[in-house]
Structures are given as structure tokens and as C-alpha cells.
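What follows draws every value from the coordinates through simple rules; no lab data is involved. These figures come from a predicted structure and were not determined experimentally. Backbone-built Cβ (ideal geometry, glycine too); neighbour counts: all protein chains shown.
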Amino acid sequence: MLLRPMLIAVQFLTCFPIRLATPPVGREVGLSLLWYPAVGLLLGMLLWVAAMLLSPLATPLAAALVLAAWVSCTGALHLDGLADTADGWVGGHGNRERTLAIMEDPCSGPVAVAAVVCLLLVKFAALSALREARGAASWSDVHFACGCILPPLLARAAVPLLFAHTPYVRAEGIAVDLAQYQSRVGGRLAAALTALAVMVVCGRYGLIASAAAAVVYLIMRRAFVRRLGGVTGDCAGAMIEVSEALSLVTLASS
């Protein structure tokens, strides 16, 4: 059933109240990767609507509320991955086993807290700048819409590509079924079609955001492979957060 992988993707990536009649099986979980760009598009559209509804408020307050909604919709899932990855990267001192062990520890150290706070500050500042650039433009303002929609869309479109090209290094974990039962061809196609559609529909804003997301993907994937020999679910979450932040910054600066 094609609908179930989509619902699994929404259930996993968001806090929306999705209920499945039966627990998902491995193949369905793997196919849910193909729906990650659609979930990113959904999140981006919701952020855009929220930003429009909050437009009467002062810019800092509106940006803070949009960011709070952004974090709430995902249940801070990817921020948790960023925190674990930051802790492991610094505390691991270049050692693979130590890095993985620290990333598996549910406790967050000062490095994790600093990474999360800094990233949220960057997003807040970029959202504020994006709104200031928008000024009194209407709902149809392309720049503002792209700034809300493209970062979550492109960040999640990169995840199927990451799993298609990178080994999964843990024997167990949430992402085991994603890695084992994925469609590698489908993942590559989903990422490529998303980037193409974004550039066609959004023009130069789509090109700028896609380039930022591609830079994050290439740099972080290389770092993961060199240190760990592959990726974990935390790595994917960290990449989503950094990709969103850099895409948002580049769009706010354009």
C-alpha cells in the first residue's frame, strides 16, 4: 500500500498525530525514505503559513514563534541528532569507537548544548533578516516563500541520497530498516527531482538554496565517512539541521 510509507515518513519526521493500524514492516520503513522530500515540503508550507499569520507582530517575536513552531513540529528530533553528533565529534578525539559510543549516550554535554543554541540563534537571525527583506510584500512574495519552504524541503531530500551512497554503521537503531530496505535508485531519483523542481519553480532562489544544501551534504558526508566509515541516524539529523540553517542564511542574504 503506497499510502503507508508516506504515513510512516510523516509519523517519524514530525509530531503530527499519525496512527497506523499495524506496526510498519522493514520494507515499508525503507520505502518511507522516498517521502522525506514531501514531508519537508509539508513542513515548509506550514512554516510559511505560520509566518504569514504572525506578520502583524514585531519581527523578533514573529521569528521566534516561527522557529518555535519549526522545532515543535519535528519534536526536536534532528536537534537531538545534532547534539549527539557534536558531542561525539569533539569528545571522540578522532577515534571511531569512542565517537560512536559518545553519540549513543543520551546525555548531552556542553558541546552539544552550545551547538544547538548556536544553530537556533543562526536560524532566528536568518528568519528575522528574511522577514525584514520581505517588508510589506504580499503573500505571493517569492523570496519570502522560498525562505520558509526550501530549507526543510532540501534538507530532507538529501537524506535518501545520503543513505543511498553511504554505509550505515550501527547494527541496530531507528535507521537500520531505512538503510537495509531502502530503494537506492529511488533515493537518488527523489533527491535529483526535488533539486530540479526547486530550481525550475523558484529560479535563482532555488539554485542558491540547492547549492547551499549540496555543500553541506558533500562536506558532512565526507566527514562522516572519514571518521566513522559511514553514517548513523544522528548524523542524518545533524545534516538536516545544518543544511536548513545554511540554506536559510543564504536565502536571507540573497
* Asked: With axes computed from alpha carbons, what is the tilt in degrees of helix 204-228 against the longest principal axis of the chain, rounded to the nearest 10 within 0 to 90?
  -> 20 degrees
* Interatomic Cα distance distribution for segment 7-95, bins of 5 angstrom, percent -> 3, 12, 16, 17, 16, 14, 12, 7, 3, 1, 0
* Take 111, 231, 117, 216 and order them by how many other Cβ atoms sit within 10 Å, fewest up front. => 117, 111, 216, 231
* Excluding residue 70 itself, what net charge comes from residues whose Cβ is under 12 Å from its Cβ, given Lys and Arg +1 and Asp and Glu -1? -> -1
* Asked: Which order do 93, 78 fall in if you start with the one that has the fewest other Cβ atoms within 10 Å?
  -> 93, 78
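Summing -39500 (n - 2.57) over the DSSP H runs of n ≥ 4 in the chain and dividing by its residue number, what mean residue ellipticity at 222 nm do you reach, to the nearest 500 deg cm²/dmol? Show your work: numbers first, answer last.
Numbers: 12 runs with 196 residues, N = 254.
Calculated mean residue ellipticity at 222 nm is -25500 deg cm²/dmol.
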* To do: Give, as ranges by residue number, the residues of segment 50-91 whose backbone N falls under 18 Å from the point 7 Å along Cα→Cβ of residue 132.
  => 55-67
* To the nearest 10 degrees, how steep is helix 142-165 against the longest Cα principal axis of the chain, on a 0 to 90 scale? -> 10 degrees
* With springs only between Cα atoms under 10 Å, which of 68, 112, 157 fluctuates most in a Gaussian network model of the chain? -> 68
* Which far-off residues, 5 or more places away or on another chain, put their amide H under 5 Å from the one on residue 168, with H placed in the peptide plane? -> 231
* **Rg(Cα)/(2.2 N^0.38 Å) for segment 140-254, N = residue count** => 1.08
* Against the longest principal axis of the chain, how steep is helix 184-202, in degrees 0 to 90 to the nearest 10, with axes from Cα atoms? -> 10 degrees
* J(HN,Hα) series, segment 241-254, from Karplus relation 6.51 cos²θ - 1.76 cosθ + 1.60, nearest Hz, glycine and proline x -> 5, 5, 5, 4, 5, 5, 4, 5, 5, 5, 5, 5, 8, 8
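Fewest first, what order do 202, 15, 107 take by the number of other Cβ atoms within 10 Å? Spell out each step's value before the answer.
Details: 202 20, 15 14, 107 9.
Lowest to highest Cβ neighbour count: 107, 15, 202.
Given an 8 Å cut-off on Cα distances and at least 6 residues of separation, report the relative contact order of the chain as a percent. Don't skip to the end; give the middle numbers.
Details: 380 pairs, mean separation 71.2, N = 254.
Across the chain, relative contact order equals 28 percent.
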